[in-house]
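Visitor: Following this message is one structure expressed as structure tokens.
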Amino acid sequence: MNELPVRKHPRLKTHSYSQIGSYFVTFCVKDRHEILGEIVGRGILDAPHMVLSEHGTNLCNTIDYVNKNSDNIVITKYVIMPNHVHLIVNICNSTDGASGKPRPANALIPKLISSIKRYTNKLAGFNMWQRSYHDRIIRDETEYQRISQYIGENPAKWPEDEYFIIKSP
């Protein structure tokens, strides 16, 4: 009988996920289809930047809505790429607004991502997202600045991105 691979637990054992803090989150379009828009511009005077498609615009509006309407989560920086999105998510308050009970960050991040995916899927009329996502605890200000810079420069470095797919002619 074939044995199943042992799954690695993705959570940092030394971190309390009930703490407020910052997280770097990435999630991708299913099969890495480039449906969120395209990178245009290829020069110093025409700097590479993202032009959003309808799906990308819906995602942008959803992220902006979260920022305006959430008491405990702020997305401080994000970039929408053709087939994925990077976010810096700050957990500002780890209590549930209705009950005032503590709510761990490891419950807030999945809820946030699930809500964004569900709403944009509804607008799209199909399931456009891969099942999972990648998150990383931002441990200090230096790391925060490095990730923020990475997000800001991501469109200019699209051909070098791990999610970039060379299209056949």
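Visitor: Give the stretch 71-94 a look and list any residue that's over 22 Å from Asn154 (Cα atoms) and crowded, with 18+ Cβ neighbours inside 10 Å, or say none.
Guide: Ile73, Ile91, Ser94
Visitor: Let me ask something else about it. Every residue in the stretch 109-137 that is assigned to a helix (DSSP H, G or I) and either at pLDDT below 85 or over 21 Å from Thr62 (Cα atoms) (or both), please.
Guide: None; the set is empty.
Visitor: Same structure, new question: Output the qualifying pairs, or none if there are none: Cβ atoms under 7 angstrom, residues six or more apart or on different chains, first residue in the stretch 52-64 and without any contact (Cβ under 8 Å) to a residue 40 or more places away in the chain, second residue in a helix (DSSP H, G or I).
Guide: Listed by first residue and then by second, the contacts come to Leu52/Cys60.
The values are calculated or read from the model by the stated rules, or taken from the named source; none is laboratory data. Treat the numbers as computed from the prediction; the structure is a model and nothing was measured. Cβ: placed from backbone, ideal geometry, glycine included. Neighbour counts: every protein chain shown.
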